[in-house]
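Below is one structure, written out as structure tokens; the observations come after it.
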């Protein structure tokens, strides 16, 4: 049997995650943004932010979710009230989804 | 048995009862001429006398061991009740299939607890994974326990009682915006698996997420499920058994019967009946009427099948 690992879920952890960890915690604290997961929906579904902003997702459902942007970032499985944060350093459009419930999608636009 | 050949509605009651080797109080589904008919609530004593040779197996699904939210604070307890129900059946089924979401969060302790309870049925259990069973960091707990002898991400087939069973995995490598996914490797394996099989061989396909499109708005379907169904189209009897949606749903298309089983943990709303497919909180008194198991029976030389959905209570 072929080994099953996180890469099989179509996501390359790559350098993006490393970048997120190495970022200084000082950047753009005031602009931090929140996204809630309620009823299998990312709210807001689209968010416009400036580079350097940290976005924190909170799962408020009774079912676990994930936050995944292929090749950019991937959260662990978020149980009820668990959070995941990612700091966006580069401009661009970041589409993301829940790898468990892929009909759940969202977008972060970084200027 | 000979005293009640007909019950006046065009369906032979004797034949229907012969299709069952056990029954609790449940709704009996039978397929006659491609049309599913519910014959209503059947009495367990009546059913117990109707035991006939054939092969019966059970489907259990979505036990979500570890779930402790308001919709059911004790999912392990209701799994235990379901196993108690199975052990009380008048005739022992040949084996059991579990259509995934054994655990809620893929924790080792959850798998251990599930195994401890399910093994009390003393039945062989054939598993397929749900998305909740692949959540551990290394995605190894399910594989270590149930992956032996399987292909790819855990698919396999086996034969029992003249029926060919195929367990598929449609919870891996899901694409943004999409539904459940089988993938090219698994579809190629399926084609190979079916090669040379007599078209009269009854086929049972089982997987976690429905292989048919139930409600795409909630992700209740499989992106490439149609490609698997195409491959079994020529077979005389095809039964597709799924879980994931925590409620009974049945559809018949030609020779193919689609059926989803109840969860043993918590109910989910009917498609579109709530803002989301999340766990549905019902009155305590109603919960056990919405949880349960399914029993499926095949008789040799008869293409019809009987699926009996038995709630934990009611």
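The values are calculated or read from the model by the stated rules, or taken from the named source; none is laboratory data. These numbers come from a predicted model, not from an experiment. Because the Cβ atoms are built from the backbone with ideal geometry, glycine has one as well, and the counts that use them run over all protein chains shown.
Observations, loosely collected:
- The residues in the stretch B:283-313 that are in contact (Cβ under 8 Å) with a residue 60 or more places away in the chain and assigned to a loop (DSSP other than H, G, I, E, B) can be counted, and the count is 8.
- For the stretch B:45-90, filtering for residues that are modelled with pLDDT under 90 and part of a helix (DSSP H, G or I) leaves 4.
- Hey, residue B:205 assigned to a helix (DSSP H, G or I), in contact (Cβ under 8 Å) with a residue 12 or more places away in the chain and under 20 Å from the mean Cα position of the chain (by Cα) or not: no
- Among (1) farther than 20 Å from residue B:211 by Cα; (2) away from chain A (no Cβ under 14 Å); (3) modelled with pLDDT of 95 or more - the single one residue B:280 does not satisfy: (2)
- Residue that is nearest to residue B:286 (Cα to Cα) [pool: residues in the stretch B:66-87 that are in contact (Cβ under 8 Å) with a residue 60 or more places away in the chain and more than 14 Å from chain A (Cβ to nearest Cβ)]: B:78
- Hits in the stretch B:252-277 (condition: away from chain A (no Cβ under 14 Å) and within 21 Å of residue B:114 (Cβ to Cβ)): B:260, B:261, B:262, B:264
- Taken together, the criteria exclude residue B:206 from residues that are surrounded by fewer than 22 Cβ atoms within 10 Å (Cβ to Cβ), within 16 Å of residue B:99 (Cβ to Cβ) and away from chain A (no Cβ under 14 Å).
- The listed residue being under 22 Å from residue B:295 (Cα atoms), away from every other protein chain (no Cβ under 14 Å) and touching a residue at least 24 places away in the same chain (Cβ under 8 Å), out of B:103, B:99: B:99
- All positions within the stretch A:50-90 that are more than 19 Å from residue B:139 (Cβ to Cβ), part of a strand (DSSP E or B) and facing chain B (nearest Cβ under 10 Å): A:69
- Taking the criterion of being more than 8 Å from every other protein chain (Cβ to nearest Cβ), buried (at least 21 other Cβ atoms within 10 Å of the Cβ) and outside any loop (DSSP other than H, G, I, E, B), the residues of the stretch A:95-111 that qualify are A:106, A:108.
- Scanning the stretch A:9-39 for residues that are out of contact with any strand residue (DSSP E or B) (no Cβ under 8 Å at 6 or more places or on another chain), modelled with pLDDT of 95 or more and either surrounded by 18 or more Cβ atoms within 10 Å (Cβ to Cβ) or in a loop (DSSP other than H, G, I, E, B) (or both) yields a single hit, A:39.
- Verdict on residue B:244 being touching a residue at least 40 places away in the same chain (Cβ under 8 Å), within 14 Å of chain A (Cβ to nearest Cβ) and under 14 Å from residue B:166 (Cβ atoms): no
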